[in-house]
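Comments concern the structure below.
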Amino acid sequence: MVMGKPQYKGLVMLLALHSLEFINIIEELNITRQYWLVTPAMQVALGPLYYLLVKNMIYRDFRVKAHLIHLMPAVIAIAFTPWWPQVLAIAYISLAIYLVMSFRLLWRYRVYLKETTVDYDGYALGWLFNTLTVVSVIEIVDFTRLNLQLVLDIEVLVHWYFISTFIALSLTSYLIINAIRQPELYNSFEDMESISLKKEKLEQADKEHQQAKVIFADIENYLTNSQSFLQAKYSLRDLSQSLGLSEQLVSWTINKGGDINFSDYINGKRINVVKAKLQEQKQAANILAIAFDAGFSSKSTFNAVFKKQTNLTPSEYIKSLNNN
């Protein structure tokens, strides 16, 4: 199942690398050290592979072959493994740079999600962000291990490395499991980047601020009359097509004219519908049904949005209504 899907190629490559890192145990025991050291060069490949994994997960047209140049330093490093301390130093610098690039790409992706879809939680890849954070901590610990090689006993170092490698392998397996469980990937990141680029050009002209307010008023009127935001998985594209306007213009208008992103704007309207119905009924028996009727796709998303909009849980809100 994993090998057959393009978005999993980065995960498979990362899993293969961590599996091969157990070779280092043989090297640490001086079984092959006198011939050649391989793992320092493998370490150089680690940072690029995490970065390619992130790109692989969020770009629909990602092609691994077009990005193999990122792995060339690791291939070249094989010839320099007799100077393994220098190779390892380069590897950790490379890893730090690529992890920063990965976090930055994920951050941009999540910002764009908020501007184009209300199903933020389903697409945000929070599990990937959290795992990369853990990986960063592990690599800092492993860097400490390398600097203590002249102080600690060889058996301690080997066991330390074995545990670190096992944890890294387990994290990669965790990534694969979550990637398989991911219901779907948001397939419009390239479009979102284009939207952001064109939006920046629109913002350069101050006179268009007034235009944004006028168009935003039209959007408000349309949504009030059509109630189209009650549709599940309502997207920026759906709204743009209904209005006959470009996605770039509608996204910019909501941000500039309404001072809010698309996700919060639509979810705010949905919460107002839910609150109105709860004020009529004042009972908690069918909160979830009301939430689904308002366009929410899951209980967890609804609860999170409701809390964010009202500073109360749905149950607390109903209780406050009954107390008044």
Q.
I'd like the FRET efficiency for ASP238 and GLN281, computed as 1/(1 + (r/R0)^6) with the beta carbon distance as r and R0 of 41 Å, rounded to 0.05.
A. 0.90
Q: Rounded to the nearest 0.05, what FRET efficiency do PHE162 and ALA89 give with R0 = 25 Å and r taken as the Cβ-Cβ distance? Could you check?
A: 0.65
Q | Long pairs among LYS114/LYS308; LYS275/LYS299; LYS114/LYS269; LYS256/LYS308; LYS233/LYS275, criterion Cα-Cα beyond 18 Å | A | LYS256/LYS308; LYS233/LYS275
Q | Extension reserve of the ILE78-ALA289 stretch, reckoned as 0.36 nm per residue once the Cα distance is removed | A | 69.9 nm
Q: Set the Förster radius R0 to 35 Å, insert the Cβ-Cβ distance between ILE97 and HIS209 as r into 1/(1 + (r/R0)^6), and round the FRET efficiency to 0.05.
A: 0.35
Q | region 264-324 - percent relative contact order, Cα under 8 Å, separation 6 or more | A | 38
Q | Computed label-point distance, nm, for sites ILE260 and ALA66 using a 7 Å Cα→Cβ extension | A | 3.7
Q: Once you have the Cα-Cα distance between ILE177 and TYR222, take 0.36 nm times their residue separation minus that, and quote the gain in nm to one decimal.
A: 12.0 nm
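All of the numbers you see were taken from the coordinates with simple rules; none came from a lab. This is a predicted model, so every value here is computed, not measured. Every residue, glycine as well, gets a Cβ built from its backbone with ideal geometry; the counts of neighbours run over all protein chains shown.
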